[in-house]
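Okay, so here's the structure we're looking at.
The values are calculated or read from the model by the stated rules, or taken from the named source; none is laboratory data. This structure is a prediction, so every number in the text was calculated from the model and none was measured. So basically every Cβ, Gly included, is an ideal-geometry build from the backbone, and we count neighbours across all protein chains shown.
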Amino acid sequence: MSTYWQRRQNMADAAMERDEHALSKRVEQVYTRELKGLEREIASYYQRYGEDNVIAYRRLMETMDPVDRDLLIRDCDKFLAVHPDMQSIVDVRKSIYKLNRLEGLQASARVHFYNVTFEVSGYVDKHLLKQSLRGANTAAEAMGFGKSFYNMDSDAVRRFVDTVWTGNTSYSQRIWDNTETLASYVSQDMAKAFARGDSYQRIAKALEKRFVDVPQSSLMRLVYTEGTYVSRMAQAEELKREGFDSYTIQAVHDGRTCEQCHGVEGKTFRFEDMQVGVNFPPLHPYCRCQIAPAVDDWDAWQQKQEEFGQRQKLARVEENEAFVKAKKGGKNRYSVNYKRVNTKEYHDKFGQLPVPKPVQEQLYIQTGRMLQELDGTPYERLVALDARTGDLVADTYSHELVKLAANFNKDELKIVRKHKNGIVLLHNHPGDSYPSLSDIYSAMMTEGVSGSLVSGHGGTVYYIEPIKLHGFEERYSILLEEAKQFTTEIERAQLIAFIRLEEENEVKKWYRVLKI
């Protein structure tokens, strides 16, 4: 396999390790901070209730003092103000007047654990999103799309973060499961230590191991393993998007490579047979095996990609020759702006689309076909292309033309929805306008559609990229019903609902509209 791909993989993994080191230090600081808070509470118990650095167990069975109770109430209320659904803290808050001193201290330890977990979980989420983004962009750069092809909102980046891929739980649930287990252990350790008559120093030392060393080690093992998972999965999605159907596994020869990794090194597997932990990394905790596209000659593949790019820049394919020829006669509001579309800048817009190169080329070709036919008219055409190859799947060229609209018939729509490789839609906008509600709704709700291009007669190019479907349709229905309270005109109500939907999309991120 080429050093070209390996070099980018190694650079990305080195950056990930630097991020992990920084995260580990930050996590340790957070755990240590909360531990110090708990230690101060325990020290206060020894000062008030102990003699000769020992607390008699019977004194811990007494009802909590008002000062301790008020402190615990404050901490519980502060926690529940941010996390009102944490039932175990709700239960503590309800029973706080019934707790003895030991139970109060145990409850306080649990609050400290929960504070740490919520804060650290946020850091882990951001860290793994960053690694997924880096993994996707590493692969995209190797494919010729530049260093920043994807952003944090891309579905390819967010799709694999906090998903269930091993056992029955996601990483966030495992973090909380570990927290519950450790909180129970700490409660038991404290009770046993007080019963033995341990000194403050001995309890503090034991707590440091339980509260900092063990959870940090457990968390970072999860972070290392999940980092490999999200990075490799994001890379795999990019390779599949580029049309690769197979991959090879490369072990990292750092002196720690295990027998399991050696066993699959250099072997080729199909993406459709991919199984994480079996033939796709991570194969085990801390695994850093890499993947690479399965090509016999990487240098030859790179040369082919470069030649393909040169053909796009220097040669107009036959289908596109037509769209550079302006029609005779007067211009109107629907006329094609040939001065704009007959430029290299316009052609290069299609090279910025987040789709494979063959699809970029066919979108350019099909745009020319539309603009040539519909120059100076208010009519639209609709085309569906294979999302991997750019092959034509369906179009409306056999349909009677309709003003400012184009839709597939039932048979065509059935073909589109059943197409196995996914679909990229394309239609023209005679008025050069921003994508309509209908455009966005179609891109979101048509099964199998991964994106939709809108090419304006004036030279504008918009690309609609669905990100997540959950809540989109339901929210629009609610917004439409609310808009109907202000107007009886359905089109005006739809416009009001669409404007509000666009505003909410800034936060919800159901989709993004790129102006290329």
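Okay, here's what the table says:
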| item | result |
| --- | --- |
| Filtered residue count, the stretch 351-383, keeping only those that are in contact (Cβ under 8 Å) with a residue 60 or more places away in the chain and within 18 Å of Asp439 (Cβ to Cβ) | 9 |
| Restricting the stretch 63-120 to residues that are of a type outside the set (A, V, I, L, M) and outside any helix (DSSP H, G or I), the residue that is modelled with the lowest pLDDT | Asp85 |
| All helices (runs of 4 or more DSSP H) inside the stretch 145-221 with 2 or more residues being in the same structural domain as Arg241 (by TED's automatic domain parsing), within 30 Å of Pro358 (Cα to Cα) and in contact with a helix residue (DSSP H, G or I) (Cβ under 6 Å, 6 or more places away or on another chain) | 155-158 |
| Any hit, the stretch 283-294, residues being polar (S, T, N, Q), modelled with pLDDT of 85 or more and surrounded by fewer than 17 Cβ atoms within 10 Å (Cβ to Cβ) | no |
| Some residue of the stretch 441-464 being modelled with pLDDT under 90, of a type in the set (D, E, K, R) and surrounded by 14 or more Cβ atoms within 10 Å (Cβ to Cβ) | no |
| Pairs with Cβ under 6 Å, 6+ apart, first in the stretch 437-459 and more than 18 Å from Glu373 (Cα to Cα), second assigned to a loop (DSSP other than H, G, I, E, B) | Gly448/His419; Gly448/Gly422; Ser450/Ala387; Ser450/Gly422 |
| Residue among Asn332, Asn337, Asn342 that is more than 18 Å from Val461 (Cα to Cα) and not aliphatic (A, V, I, L, M) | Asn332 |
| Verdict on Asp162 being under 20 Å from Met274 (Cβ atoms) and at pLDDT 80 or above | yes |
| Yes/no for Glu465 being charged (D, E, K, R) and free of Cβ contacts under 8 Å to residues at least 24 places away in the same chain | no |
| Filtered residues of the stretch 36-57 (kept if among the β-branched types (Val, Ile, Thr) and crowded, with 17+ Cβ neighbours inside 10 Å) | Ile42, Ile55 |
| Tally of residues being outside any helix (DSSP H, G or I) and over 30 Å from Glu141 (Cβ atoms) across the stretch 1-52 | 3 |
| Residue within the stretch 23-35 that is surrounded by fewer than 18 Cβ atoms within 10 Å (Cβ to Cβ), assigned by TED's automatic domain parsing to the domain that holds Ser132 and within 24 Å of Arg196 (Cβ to Cβ) present | no |
| Single condition Asp52 does not satisfy, out of (1) acidic (Asp, Glu); (2) farther than 30 Å from Thr225 by Cα; (3) modelled with pLDDT of 90 or more | (3) |
| Test: residue in the stretch 150-157 that is more than 26 Å from Ala22 (Cβ to Cβ) and of a type outside the set (Phe, Trp, Tyr) | yes |
| Looking only at the stretch 343-386, and only at residues there that are of a type in the set (D, E, K, R) and in a loop (DSSP other than H, G, I, E, B), the one that is surrounded by the most Cβ atoms within 10 Å (Cβ to Cβ) | Asp375 |
| Within the stretch 205-248, tally of residues that are of a type in the set (Ser, Thr, Tyr), within 26 Å of Val295 (Cα to Cα) and either surrounded by fewer than 20 Cβ atoms within 10 Å (Cβ to Cβ) or more than 25 Å from the chain's Cα centre (by Cα) (or both) | 2 |
| Index of the failed condition, Ala251 passing every other in (1) farther than 28 Å from Gln360 by Cα; (2) of a type in the set (A, V, I, L, M, F, W, C); (3) surrounded by fewer than 20 Cβ atoms within 10 Å (Cβ to Cβ) | (3) |
| Residue among Leu401, Leu374, Leu382 that is at pLDDT 90 or above and on the phi < 0 side of the Ramachandran plot | Leu382 |
| Where a residue in the stretch 473-493 is closer than 26 Å to Thr446 by Cβ and its partner, wherever it lies, is modelled with pLDDT under 90 and not in a helix (DSSP H, G or I), with Cβ under 7 Å and at least six apart | Ala493/Lys484; Ala493/Thr487 |
| Matching entry among Leu71, Leu80, Leu128 (being outside the structural domain of Ser187 (by TED's automatic domain parsing) and over 18 Å from Ser44 (Cβ atoms)) | Leu80 |
| Of all residues in the stretch 106-136 being touching a Leu at 6+ places or on another chain (Cβ under 8 Å) and not small (Gly, Ala, Ser), the one that is surrounded by the fewest Cβ atoms within 10 Å (Cβ to Cβ) | Tyr123 |
| All positions within the stretch 439-490 that are within 18 Å of Val383 (Cα to Cα), outside any strand (DSSP E or B) and in contact with a strand residue (DSSP E or B) (Cβ under 8 Å, 6 or more places away or on another chain) | Asp439, Ile440, Ser442, Ala443, Met444, Thr446, Gly448, His457, Thr460 |
| Near pairs, Cβ below 9 angstrom, 6+ apart or cross-chain, from the stretch 260-272 (among the hydrophobic types (A, V, I, L, M, F, W, C)) to any residue that is modelled with pLDDT of 85 or more and loosely packed, with under 12 Cβ neighbours inside 10 Å | Val264/Val278; Phe269/Gln275 |
| Search result, residues across the stretch 184-211 that are within 15 Å of Tyr45 (Cβ to Cβ), among the hydrophobic types (A, V, I, L, M, F, W, C) and without any contact (Cβ under 8 Å) to a residue 24 or more places away in the chain | Ala193 |
| Tally, over the stretch 467-511, of residues that are within 19 Å of Asn151 (Cβ to Cβ) and surrounded by fewer than 17 Cβ atoms within 10 Å (Cβ to Cβ) | 6 |
| Tabulated pairs, the stretch 126-144, first farther than 17 Å from Thr228 by Cβ, second surrounded by fewer than 23 Cβ atoms within 10 Å (Cβ to Cβ) and of a type in the set (Asp, Glu), C-beta under 7 angstrom, 6+ apart or interchain | Met143/Glu242 |
